[in-house]
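Q: Can you read through this structure? Questions will come right after.
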Amino acid sequence: MTSQSKPVKLAIIGCGIAANELHWPALRTLRDKFEITVVCNNTEEKAVEFAAKAGGVPYVLHHKDLLQRDDVEAVDIVLPVHLNYEVTRDCLQAGKHVMVEKPIAATREEVRAMLALDREYPLAKIVGENFYYHPAFLRAKEHLNAGRIGKPYAAFWDVFRRLDRDNRYVQTSWRVDHKYPGGFIMDGGIHNIAALRLLFGEITSGQAFTQSVNPEIGSMDSFSLQFATAAGVDGVLNIFNSSVGFARNELVILGSAATMRIASTQQITITSKDKVELNETITNNSYVAEFEDFYRAIRTGATPFSSFPRACRDFEILVNAFDGAERKAPI
Ligand code: NAP
């Protein structure tokens, strides 16, 4: 086995929900590409638990304690968002390839600094925006490109759900007392922005309104953005996290010949005037796919699809929308 085909020695930084439930199941299927060599969590119990799960690897309590290790080529940063910039910077400075979870950073200033890091360090850098790799949206894009709904001209994405104290994401205090704009709208909405950009190209203009209905989950839980895209598809993205007794996650794309619906990011239906043309259920393997792209970037030097600049733009669109909503002005 050449060094180019060997598994990448990977450190996991942050052993919380996403590391355990999203990244670990993907990494287990990619043992030929990644070997977890050390894990890091500031509270020891979670570090011990993850280290045991990963095969009894060593653990550290501070990310700086893994920067000089030869058994770490790359890091997977799965931390509270306000730590993303600092930890990414330290890891790149130490010569480690970086995967960092979405959103890429917590402020506009940090986003600019992330772009500077991207230019400065010729290492693999990817943001864990799994919607860029989600087969439901990749398949929908194939259908659009194949003309299966004719010319798409409008899109409406409704996300109605109830987030309250029982929700485990609400139980992560950094999400409620958030140090980044938009609270749960940023946390979840950045996925929707990524998928819309994947499907229709750049979001070119828009106007948003925001509300905070339930202060228990932090400021801003309700958001509506009317947008226009480079592909000439106009639409509305609605994200309402404090909806009572009503839940829906459906993206509807209107075309000149048919309508495509993507329900709960897994069921694609295309309906023409008289009949259902297509109905397919999609299995989500997006976390595996994003790690595969990270591996390719490390071993070949290719730029991953979910690059730092792409993720920075997702962040910027949402923050511009929040600012516009406050000023009651278009973005
Ligand atoms: P979480 O459960 O709070 O996990 C964060 C972990 O980091 C916790 O175990 C926390 O330990 C640890 N930590 C906090 N400060 C630390 C430090 N200074 N050094 C080392 N470890 C530290 O949050 P999460 O839900 O996993 O979210 C983590 C990231 O994943 C976020 O960026 C989030 O946006 C992203 N995420 C992405 C998806 C997706 O679908 N792509 C889904 C969920 C989350 P303690 O709690 O013990 O302090």
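Every number here is computed from the coordinates shown, using simple stated rules; none is lab data. Just so it is clear, the structure is predicted and the values come from calculations on it, not from any experiment. Because the Cβ atoms are built from the backbone with ideal geometry, glycine has one as well, and the counts that use them run over all protein chains shown.
Q: Suppose a student asked you for the relative contact order of the range 27-128, using Cα pairs under 8 Å spaced at least 6 residues apart; what percent would you report?
A: 20 percent
Q: Name the shape class, rounded, prolate or oblate, that the alpha-carbon gyration tensor gives for the range 1-125, where a ≥ b ≥ c are the square roots of its eigenvalues, rounded holds for a/c under 1.5, and otherwise prolate holds if a/b is larger than b/c and oblate otherwise.
A: It is oblate, given that a/c is not under 1.5 and a/b is not larger than b/c.
Q: Let me ask you something else. Show the residues, 5+ positions off or on another chain, whose built amide H is closer than 5 Å to the amide H of Val60.
A: Those lying under 5 Å, H to H, from Val60 are Val39, Cys40, Asn41.
Q: Report the Cα centroid-to-centroid distance between the range 144-201 and the range 44-121 in angstrom, as an integer.
A: Spelled out, the Cα-based centre of one part sits 24 Å from the other.
Q: Provide the per-residue ³J(HN,Hα) series for the range 186-197, in order, calculated from phi with Karplus coefficients 6.51, -1.76, 1.60 and θ = phi - 60°, each as a whole number of Hz, with x at glycine and proline positions.
A: These are the phi-based 3J(HN,Hα) values: 5, 3, x, x, 5, 5, 5, 4, 4, 5, 5, 5 Hz.
Q: Give me the percent relative contact order of the range 181-282, please, defined on Cα pairs under 8 angstrom at least 6 residues apart.
A: That works out to 17 percent.
Q: What ranking of Trp24, Trp174 emerges when the number of other C-beta atoms within 10 Å of each C-beta is taken as an exposure proxy, fewest first?
A: Trp174, Trp24
Q: Turning to a different aspect of this structure: Roughly how many nanometres apart are two label points built 7 Å out from the Cα toward the Cβ at Ala231 and Asn20?
A: Label at Ala231, label at Asn20, 3.8 nm between them.
Q: Another question about this same structure. Evaluate the distance, in nm, between pseudo-label points positioned 7 Å from the Cα of Ala146 and of Val252 along their respective Cα→Cβ axes.
A: Distance between the two pseudo-spin positions: 2.4 nm.
Q: How long is the range 26-86 along each principal axis, judged by its Cα atoms, biggest number first, in Å?
A: The Cα atoms of the range 26-86 stretch 31, 23, 23 Å along their principal axes.
Q: Something else: Residues with beta-carbon under 15 Å from that of Leu254, excluding Leu254: net charge, scoring Lys, Arg +1 and Asp, Glu -1?
A: Taking every Cβ under 15 Å from that of Leu254, the sum is 0.
Q: If you don't mind, another one. Where does helix 108-120 land angle-wise versus the long Cα axis of the chain, in degrees 0 to 90, nearest 10?
A: 60 degrees
Q: From the backbone phi of the range 37-43, what are the Karplus-calculated ³J(HN,Hα) couplings (6.51 cos²θ - 1.76 cosθ + 1.60, θ = phi - 60°) in whole Hz, Gly and Pro given as x?
A: 10, 7, 10, 9, 8, 5, 9
Q: Give me Met220, Met186 ranked fewest to most by other Cβ atoms within 10 Å of their Cβ, as a rough exposure proxy.
A: Met220, Met186
Q: Can you give me the long-range amide H partners of Gly128? Hydrogens built in the peptide plane at 1.01 Å from N, cutoff under 5 Å, separation of 5 or more residues or another chain.
A: Residues meeting the amide H criterion: Val100, Glu101, Lys102.
Q: Between Ser219 and Glu49, what is 0.36 nm times their sequence separation minus the Cα-Cα distance? Round to one decimal in nm.
A: 57.9 nm
Q: Continuing with this model, one more query. Taking a point 7 angstrom from the Cα of Lys6 along the C-beta vector, which residues in the range 29-57 have backbone N less than 15 Å away?
A: Only 32-38 pass the distance filter.
Q: Tell me the relative contact order for the chain as a rounded percent, counting alpha carbon contacts under 8 Å between residues six or more apart.
A: Relative contact order comes out at 19 percent.
Q: A further question follows. Give the peptides 104-117, 313-326 in descending order of average Cβ contacts within 10 Å, highest first.
A: 313-326, 104-117
Q: First check a/c for the range 105-177, with a ≥ b ≥ c the square roots of the eigenvalues of its C-alpha gyration tensor; if it is under 1.5, answer rounded, and if not, answer prolate when a/b is larger than b/c or oblate otherwise.
A: oblate
Q: For Val236, what residues show an amide H to amide H distance below 5 Å, using hydrogens built from the backbone and excluding near sequence neighbours?
A: Those lying under 5 Å, H to H, from Val236 are Ala155, Phe156, Trp157, Phe227.
Q: Modelled label-to-label distance, Gln68 and Asp164, 7 Å Cα→beta-carbon offset: nm?
A: 5.2 nm
Q: I need the phi-derived Karplus couplings for the range 249-263: 6.51 cos²θ - 1.76 cosθ + 1.60, θ = phi - 60°, integer Hz, Gly and Pro marked x.
A: With the stated coefficients, the range 249-263 comes to 9, 9, 9, 10, 10, 8, x, 5, 10, 6, 10, 10, 10, 10, 9 Hz.
Q: Can you tell me the orientation of helix 286-300 relative to the chain, as the angle in degrees between its alpha-carbon axis and the longest Cα principal axis, to the nearest 10?
A: 50 degrees
Q: Compute the angle between helix 135-145 and the longest alpha-carbon principal axis of the chain, please, reported from 0 to 90 degrees and rounded to the nearest 10.
A: Orientation of helix 135-145: about 50 degrees from the principal axis.
Q: Quick one: grab the alpha carbon gyration tensor of the range 196-259, order the square roots of its eigenvalues as a ≥ b ≥ c, and give me rounded if a/c is under 1.5, else prolate or oblate depending on whether a/b is larger than b/c.
A: Oblate is the answer for the range 196-259, as a/c is 1.5 or above yet b/c matches or exceeds a/b.
Q: GNM, the chain, Cα, under 10 Å: largest mean-square fluctuation among Ser205, Ser272, Ser224?
A: Maximum fluctuation in the GNM of the chain, among the listed residues, is at Ser272.
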